[in-house]
Ligand code: GTP
Ligand code: SPV
Ligand code: MN
């Protein structure tokens, strides 16, 4: 008995009876506890110590080579009614789901420690924050949860005060992909995950709770739980606007959240304040604006590609007290991944590095680090009321068609742009990489209910407020005829954000097209950039025929949701398609 909350004690006891651990440890989140767990993991090889001179407190974890990313095909939403999960989710009946998982969990912690991990998603005193308890048999998960959430005694105290919490049960099991499932029971606020120790599969506060369960709760409670970064942009006049941006996994959220202003901007006084890099919970305030918190307390970021050139803020926070997973190592025992200078000696599996084996770091290699170590960490990130959002940005990896930036004409159009998003798949989930798929609002893997209802929920905000954020779409990943990226990206993305914020303040013009408002080229500051002739043409290009095909394809996709799809969304799509057709007719005449 370790809690004043009977419901929590009873749940822990019932899980212990099922999983039969050798001992039970209630985590208090203290430094001493963390140090003891790390020492044990260093002793048994779960963690490897890194160079203590250059990377004090840093460790490396090598996962099972078959357990390196999220597994969308093994992720289920278990609602009583199949249609509540929708065609966007794999579904299992709750009773079947529990039976399947409990059979896997039976006796699975024999000889091991069961850790009880109370955590709070969001500032501990925020009315927008929510709590959960993860039971796990993985000390690596505990160490990550301590960095990624507010974990320990303070969270437990809040849980005892509130009396309710999300129940997450996790075991690494045998790491056999045939005995691996991640199940969500949104009606019961419960999660069961078995057979993986990796990231979103195992750190249940993150995707399972803060996105899948939270999105389900948010719908009935009138708020939004989104796969979005939150960043504050301070202009030379000292005003800070907050932007929330939804890009699919490994499509640039961490990098935009920690952006380093490019030359010319820094000198003028532009500053960037990081609030969050992956998840955003937001709800309308009394003034009708959306106020957002980052439910997380750390970053579980993509390592490959992170360098002083692309994201020196990220590198600056990774030289102490970080956990690296599946990166390579140099001969000096420092972490290494593709994009860093120097040479790897060992690859992510601990083999001597041989380019014939592929990259030294796994493409989904990650770092885990406390948000407080980020040089651009915003003091507002701890504000219990959240930050007001001026602009919502959608974006994905699109080699063709989609220009650098365009703006929605209004909220409903913005929801259509989000719902019609597509992006090339990445190494963040197992399966093929580089395949374009629809990923509405970057939530395809993370929405805990039927997308048709989710779109209706998004649309419903339009009627509630006239001070909602402006909505934009960006594409940092447009490719030229030689296959290389046309836009420099990273810090230079501030040039595009500057235009957006000017639009929010009514200080920049735009060119109206049926698919949205395009920037006047001279209004995006390209000073000091050496854009190729192709880039200058293509990045701002409006390809009417291409968009006609795109709108038709979006129509086919939305039709998969059947009669549950909000009429207003399809009407908006038809409005855009008709405007494109009218324009084409006029051009032909
Ligand atoms: P998740 O944590 O999986 O949700 O991903 P994320 O959206 O935070 O992605 P992240 O910022 O970590 O970027 C993933 C990869 O895209 C990294 O290899 C980056 O170097 C690369 N990347 C990020 N921003 C840009 C950009 O503006 N241009 C280009 N070309 N690459 C980028
Ligand atoms: C993502 O895949 O979007 C991530 C990484 O942020 S994981 O936590 O593994 O889901
Ligand atoms: Mn993510």
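The values are calculated or read from the model by the stated rules, or taken from the named source; none is laboratory data. All values reported here derive from a predicted model rather than from experimental measurement. So basically every Cβ, Gly included, is an ideal-geometry build from the backbone, and we count neighbours across all protein chains shown.
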message: Looking only at segment 122-134, count every residue that is crowded, with 24+ Cβ neighbours inside 10 Å and touching a residue at least 40 places away in the same chain (Cβ under 8 Å) and tell me the total.
response: 5
- prompt: Of all residues in segment 22-55, how many are surrounded by 19 or more Cβ atoms within 10 Å (Cβ to Cβ) and in a loop (DSSP other than H, G, I, E, B)?
  reply: 5
query: Would you say residue 151 is within 16 Å of ligand 1 (Cβ to nearest atom) and either more than 22 Å from residue 280 (Cβ to Cβ) or in contact (Cβ under 8 Å) with a residue 12 or more places away in the chain (or both)?
result: no
message: With the structure loaded, tell me whether residue 399 is in contact (Cβ under 8 Å) with a residue 60 or more places away in the chain and either surrounded by 20 or more Cβ atoms within 10 Å (Cβ to Cβ) or within 16 Å of ligand 2 (Cβ to nearest atom) (or both) or whether it fails that test.
response: no
statement: By my count, helices (runs of 4 or more DSSP H) wholly in segment 475-588 with at least 1 residues that are in contact with a strand residue (DSSP E or B) (Cβ under 7 Å, 6 or more places away or on another chain) and on the phi < 0 side of the Ramachandran plot are 494-504, 544-559
task: Go through segment 59-85 residue by residue and tally those that are assigned to a loop (DSSP other than H, G, I, E, B) and either in contact with a strand residue (DSSP E or B) (Cβ under 8 Å, 6 or more places away or on another chain) or at pLDDT below 95 (or both).
output: 6
query: Looking at 229, 211, which is the one that is within 16 Å of ligand 3 (Cβ to nearest atom) and free of Cβ contacts under 8 Å to residues at least 60 places away in the same chain?
result: 229
- prompt: Just checking, which of 522, 545 is more than 29 Å from the chain's Cα centre (by Cα), in contact (Cβ under 8 Å) with a residue 12 or more places away in the chain and surrounded by fewer than 18 Cβ atoms within 10 Å (Cβ to Cβ)?
  reply: 545
- prompt: Can you find a residue in segment 252-269 that is within 16 Å of ligand 3 (Cβ to nearest atom), more than 13 Å from the chain's Cα centre (by Cα) and not in a loop (DSSP other than H, G, I, E, B)?
  reply: no
message: Looking only at segment 293-305, how many residues end up being assigned to a loop (DSSP other than H, G, I, E, B) and either surrounded by 24 or more Cβ atoms within 10 Å (Cβ to Cβ) or within 14 Å of the chain's Cα centre (by Cα) (or both)?
response: 5
query: When you look at residue 314, is it within 16 Å of ligand 2 (Cβ to nearest atom), crowded, with 23+ Cβ neighbours inside 10 Å, at pLDDT below 95 and within 21 Å of the chain's Cα centre (by Cα), yes or no?
result: yes
query: Are any residues in segment 341-358 in contact with a strand residue (DSSP E or B) (Cβ under 9 Å, 6 or more places away or on another chain) and either part of a loop (DSSP other than H, G, I, E, B) or over 18 Å from residue 63 (Cα atoms) (or both), and if so, which ones?
result: 342, 343, 344, 345, 347, 348, 350, 353
message: I want to confirm something. Restricting to segment 231-251 and keeping residues that are within 12 Å of ligand 1 (Cβ to nearest atom) and outside any loop (DSSP other than H, G, I, E, B), which single residue is farthest from the chain's Cα centre (by Cα)?
response: 231
- prompt: List, please: which pairs have Cβ atoms under 7 Å, are six or more places apart or on different chains, and start with a residue in segment 268-282 that is farther than 15 Å from residue 123 by Cα and more than 16 Å from ligand 1 (Cβ to nearest atom) and end with one that is at pLDDT 95 or above and in a strand (DSSP E or B)?
  reply: 270/234; 271/234; 273/231; 273/232; 273/234; 273/240
task: Quick one: which helices (runs of 4 or more DSSP H) lie wholly within segment 122-223 and hold at least 3 residues that are more than 20 Å from residue 61 (Cα to Cα) and in contact with a strand residue (DSSP E or B) (Cβ under 9 Å, 6 or more places away or on another chain)?
output: 153-162, 214-221
query: With (1) out of contact with any helix residue (DSSP H, G or I) (no Cβ under 7 Å at 6 or more places or on another chain); (2) within 30 Å of residue 154 (Cα to Cα); (3) within 16 Å of ligand 2 (Cβ to nearest atom) as the list, and residue 276 as the residue in question, which single condition is left unmet?
result: (1)
- prompt: Which members of segment 270-292 meet the condition of being touching a strand residue (DSSP E or B) at 6+ places or on another chain (Cβ under 9 Å), in a loop (DSSP other than H, G, I, E, B) and more than 12 Å from ligand 3 (Cβ to nearest atom)?
  reply: 270, 285, 287, 289
task: Among residues belonging to segment 280-292 that are surrounded by fewer than 24 Cβ atoms within 10 Å (Cβ to Cβ) and within 19 Å of the chain's Cα centre (by Cα), point out the one that is nearest to residue 504 (Cα to Cα).
output: 291
query: Just to be sure, is residue 453 surrounded by fewer than 20 Cβ atoms within 10 Å (Cβ to Cβ), more than 16 Å from ligand 2 (Cβ to nearest atom), farther than 30 Å from residue 529 by Cβ and within 22 Å of the chain's Cα centre (by Cα)?
result: yes
- request: List every residue pair whose Cβ atoms sit under 6 Å apart, with the two residues 6 or more apart in sequence or on different chains, where the first one lies in segment 439-454 and is in a loop (DSSP other than H, G, I, E, B) and the second, anywhere, is within 12 Å of ligand 3 (Cβ to nearest atom).
  value: 439/248; 443/227; 446/207; 446/211; 446/227
